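Written out below as C-alpha cells is the structure these notes cover.
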Amino acid sequence: MNPEAIIAVIIPTYDRPGLLQKCLRSLSIQTLPKTLWEVIVVNDGGVDVSEMVQTFGDNFNSSSQKNQGPAAARNYGATLTKVPIFAFLDDDCQASPTWLEEIAKNSKPGVLMGGTVVNYYRDNLFSESSQLLIAFLYQHFQDTPNQFFTSNNFSIHRTDFMQHGGFQNQFITSAGEDREFCVRLNHQGMELKFIPEVEIIHFHQMTLVSFIRLHRKYGKAALIFQKIMKSQKIAIQKRPRLEFYRKLVVFPFYQNHLSKKEKFFVSLSLMLSQICVAQGYLLGKIHSQKPFKVG
C-alpha cells in the first residue's frame, strides 16, 4: 500500500475481467499524481484477476473473498487500507481523467459526495432509460431525507465510513445498498453533496429482458430497504405518490439529446420500470420466509 496516498479507490468485481481491465485503464491515466492514490480491487468469488490488476502498477492491488455481493466486497476493501478518503467505483465504469483530482479537491469530513454518471450506450434506449431513471431520482430527491447517490460513484472519508458501519450485507446483489447507506447516513447527520465534475461513464449494455430483470431486482431490494429503515426507526415514504409518476413519465421530454421518437420510447420504458419494481417488491414479499436480521 502507498503510504503517501490520500484516496483509496475500492472496486468490487465478479466475473467481468474485460470490463475491469478498461476500468483500471481509466484510472491509470488520472491527472492526480499516482503517489496520492491507490486502487483496491475486491474479487467477489469470481475468476482470478490478480495478475491482470498487477500489470497496472504498484498502486493497484487486489484481494478476494467468497461470493457475498458488492456491499460486502466494498466493506472488506475498506478494511484493507488506512488511506483517509474512500472513492467507490464499479468494474463496469470508467472514470474521467480528472475524477480523482475532483474528489481530492472537493472531499470534506462529514460529507458523502456523489457525482455524474453518464450512460455510454446512448443508442441503447434501455440503457439510456435506466440511467435517466437514476438522473430523475437524483433530481426528485435532492435536498430531502431520501436523497441518495449510486455506489458506482461516490466518496467518503474513511473515519465517516467506519463510524457509520459501512454497507448493509443483506444486499447480496448490486441493488439497494447505496440507497440504504445514503439515507441512513443522511438521517445520522451526514451531508450529501453532488459534484457534477466528479464524472464517470457507465458501460451497461441492456436488452428488454435484462431491463426487466434489473428493475425487478430493484423492487426486491426496496423491500429489504424498508425493513432496515423500520428496524432503525427511520421514517420513509413507502409508496411513491401519483405526482412522482407524473413527473417521471414526462422527464424524458425535457432531455434535449433525445429525438421525439426516443422520448416516447424512454417514457414508456420508465413506466415499464416501475411496473417491474412493483412486481419485484411483491415477489420479494411472497418469497420472504426467513426472520429478518440487521447486521
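Among the candidates 157, 204, 164, single out the residue that is of a type outside the set (Phe, Trp, Tyr), within 15 Å of the chain's Cα centre (by Cα) and open to solvent by 10 Å² or more (accessible area, probe 1.4 Å). It would help to see each step written out before you state the result.
Details: 157 fails: within 15 Å of the chain's Cα centre (by Cα); 164 fails: within 15 Å of the chain's Cα centre (by Cα).
Answer to the selection: 204.
Tell me which of these residue 252 doesn't satisfy, since it passes every other one: (1) open to solvent by 70 Å² or more (accessible area, probe 1.4 Å); (2) at pLDDT 95 or above; (3) not hydroxyl-bearing (Ser, Thr, Tyr).
With (1) open to solvent by 70 Å² or more (accessible area, probe 1.4 Å); (2) at pLDDT 95 or above; (3) not hydroxyl-bearing (Ser, Thr, Tyr) applied to residue 252, the lone miss is (1).
For the range 61-77, which residues satisfy the criterion of being open to solvent by 70 Å² or more (accessible area, probe 1.4 Å) and either over 22 Å from the mean Cα position of the chain (by Cα) or free of Cβ contacts under 8 Å to residues at least 24 places away in the same chain (or both)? Working first, answer last.
Narrowing the range 61-77 to residues open to solvent by 70 Å² or more (accessible area, probe 1.4 Å): 64, 66-68, 76.
Correct list: 64, 66.
Could you go through the range 134-151 and let me know if any residue there is open to solvent by 60 Å² or more (accessible area, probe 1.4 Å) and of a type in the set (Ser, Thr, Tyr).
Within the range 134-151 (the criterion being open to solvent by 60 Å² or more (accessible area, probe 1.4 Å) and of a type in the set (Ser, Thr, Tyr)), the answer is no, since none of the residues qualifies.
Tell me which helices (runs of 4 or more DSSP H) are completely within the range 113-200 and hold 1 or more residues being of a type in the set (Ser, Thr, Tyr) and in contact with a helix residue (DSSP H, G or I) (Cβ under 7 Å, 6 or more places away or on another chain), or say none if there are none.
125-141
Taking the conditions exactly as written (more than 27 Å from residue 85 (Cα to Cα), aliphatic (A, V, I, L, M) and surrounded by fewer than 15 Cβ atoms within 10 Å (Cβ to Cβ)), does residue 214 satisfy them or not? Can you show your working first?
Working: more than 27 Å from residue 85 (Cα to Cα): yes; aliphatic (A, V, I, L, M): yes; surrounded by fewer than 15 Cβ atoms within 10 Å (Cβ to Cβ): no.
Spelling it out, it is not the case that residue 214 is more than 27 Å from residue 85 (Cα to Cα), aliphatic (A, V, I, L, M) and surrounded by fewer than 15 Cβ atoms within 10 Å (Cβ to Cβ).
Tell me which residues, restricted to the range 236-263, are over 23 Å from residue 282 (Cβ atoms) and among the aliphatic types (A, V, I, L, M).
Correct list: 250, 258.
If you check 91, 58, which single one turns out to be at negative phi, open to solvent by 10 Å² or more (accessible area, probe 1.4 Å) and acidic (Asp, Glu)? Show your work before the answer.
Details: 91 fails: open to solvent by 10 Å² or more (accessible area, probe 1.4 Å).
It is 58.
Consider residue 183 against the criteria (1) under 19 Å from residue 117 (Cβ atoms); (2) under 14 Å from the mean Cα position of the chain (by Cα); (3) open to solvent by 40 Å² or more (accessible area, probe 1.4 Å); (4) not charged (D, E, K, R): it satisfies all of them except one. Which criterion is unmet?
Result: residue 183 fails condition (3) only.
The values are calculated or read from the model by the stated rules, or taken from the named source; none is laboratory data. Here the structure is a predicted model, which is why all the values come from computation and not from measurement. Because the Cβ atoms are built from the backbone with ideal geometry, glycine has one as well, and the counts that use them run over all protein chains shown. Ligands, DNA and RNA are stripped out before the accessible areas are found, and what is left, the full protein with its side chains, is counted by its heavy atoms. Shrake-Rupley method; radii C 1.70, N 1.55, O 1.52, S 1.80 Å.
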